[in-house]
Amino acid sequence: MIGSMKVLSMILAGFVVGYAVSDIRPFDSLLSSTAEFGSPATIVNGLTVLALTACLVSVALARSSARGVLVVAIGAVLVVVFRTVGMVTGMFGDWAGAVGAGALLGASVVLAGRHRGAQASLAVAAIGAGLLGTALDALLQADDGPVFVWDVVGAEDAVVPERAIVMVIAALGAALSLFLAHRDVALQSHETRRTLLVGLPLPIAAGVVSWFAGGHDSGDAVWLGALAGMTAIALVASFLLPGRNGRLLLVLFASSSAGICSFGFAAGDNAQLALSVGLLIVGAGLGYRWPQLYVGLSGLLVIAVAGVIEGYAEIQTGSEFVLPFVVAYALVSVLSTSPGSLAVALPALFTMTLPVTVYAASYQPGLSSSTDAVATRTSEPDHLVLSAAGLVVVAVVTVACAVLMRRPAVVSGSS
């Protein structure tokens, strides 16, 4: 019973984090509401703040009591809800939402520990809600019938009633299940000091590369240079993480590169959204039961090749329908990992794809969290060039994972 509740608590906590991520605009600065993509101020955006907070909180709480971690987690849930329903407004509300979601992620990974089922539930729920949350919003608002309304704080607040209802229900379930599952659990201590070396510079470096790419208009060279820079950052970070923990970061980065080739998840209507969710769940289940890292990476390579074929032959392969299954399988196959590494890797899927997925966002919501930045571009690689580059990245990451596999696994408590 306790094990099932622990998994349920991670599913709900991950959904709250992911749904909050789907509402955070990656190109909107938290320092200035008027900052445009390409301005240095855009480096301090909601996703960057979320990633930094998750890293800091996971390290700070690594040796805390379960009750102390629970207080942080439930408090973070409340902050996210208050922001969603319009009780925390303006720039302060934007900061609160980003920090709250990051704190919830950081506390959740500590509560999940090295329990593979809990880690998988948290990761898949967060990524699924983060990538499909905007599609869910669109479907919820498609009904022209009556909707729930309530008074909000301030006439300027733009609260989406449907999103607020979903978030309130999920948050209440998350808070209750977190408390029931972890109130009497003794947490294992984990050495995560080294996580700061990777987790703090990673989103900032990604933001710098995004700013550089966004501030120029020199065509393919800048785009491909940005992708090469992101790949180098991911490789360095993965090898700095102790033992084999960097495989998770590499798998998620490879997933985003495969997403570039296929232009993201299919989520255009109810059937497609349900299909993507179902494939995420099935892929995660198979990855949990039969974890094979190279099978997952091979699947990502196949999707990347299909993207190149689409660009060269101008035919549709339907790779976007298979992508959620493969991503979930590959992700769960590399778990368990240290809580700190999980806190670093999950936000990286969103923060490290910014300079190369704006083009994909013009087609449909996918591995980019915003479609607004498309209008700021006047040139970018065509489908074939971008897909070929994504294929190269997936291949490089696969080789890096093979090298990491030669490392000895890290024993809990060592650095």
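The values are calculated or read from the model by the stated rules, or taken from the named source; none is laboratory data. The structure displayed is predicted, hence computed values, not measured ones. Glycine also receives a Cβ, built like all others from the backbone with ideal geometry; neighbour counts cover every protein chain displayed. With ligands, DNA and RNA removed, areas are computed over all heavy atoms of the protein, side chains included. Shrake-Rupley method; radii C 1.70, N 1.55, O 1.52, S 1.80 Å.
Inside segment 299-310, residues that are open to solvent by 20 Å² or more (accessible area, probe 1.4 Å) and in contact (Cβ under 8 Å) with a residue 40 or more places away in the chain make up a count of 3.
Residues in segment 185-203 that are β-branched (Val, Ile, Thr), under 22 Å from the mean Cα position of the chain (by Cα) and modelled with pLDDT under 85: 192 only. Does residue 337 satisfy the condition of being under 30 Å from residue 105 (Cα atoms), among the hydroxyl-bearing types (Ser, Thr, Tyr), open to solvent by less than 10 Å² (accessible area, probe 1.4 Å) and modelled with pLDDT under 80? Judged against the criteria, residue 337 is not a match.
Checking the stated criteria, residue 70 turns out not to satisfy the condition of being modelled with pLDDT of 85 or more and in contact with a strand residue (DSSP E or B) (Cβ under 7 Å, 6 or more places away or on another chain). Answer yes or no as to whether residue 74 is within 30 Å of residue 321 (Cα to Cα) and β-branched (Val, Ile, Thr). The answer is no for residue 74. Checking the conditions here, which among 43, 24 is in contact (Cβ under 8 Å) with a residue 12 or more places away in the chain and under 15 Å from the mean Cα position of the chain (by Cα)? None of the others qualify; the one that does is 24. Kindly indicate whether residue 344 is modelled with pLDDT of 95 or more and either within 25 Å of residue 48 (Cβ to Cβ) or in a loop (DSSP other than H, G, I, E, B) (or both). Criteria met by residue 344. State whether one or more residues within segment 164-172 are assigned to a loop (DSSP other than H, G, I, E, B) and within 30 Å of residue 26 (Cα to Cα). Checked segment 164-172: no residue is assigned to a loop (DSSP other than H, G, I, E, B) and within 30 Å of residue 26 (Cα to Cα).
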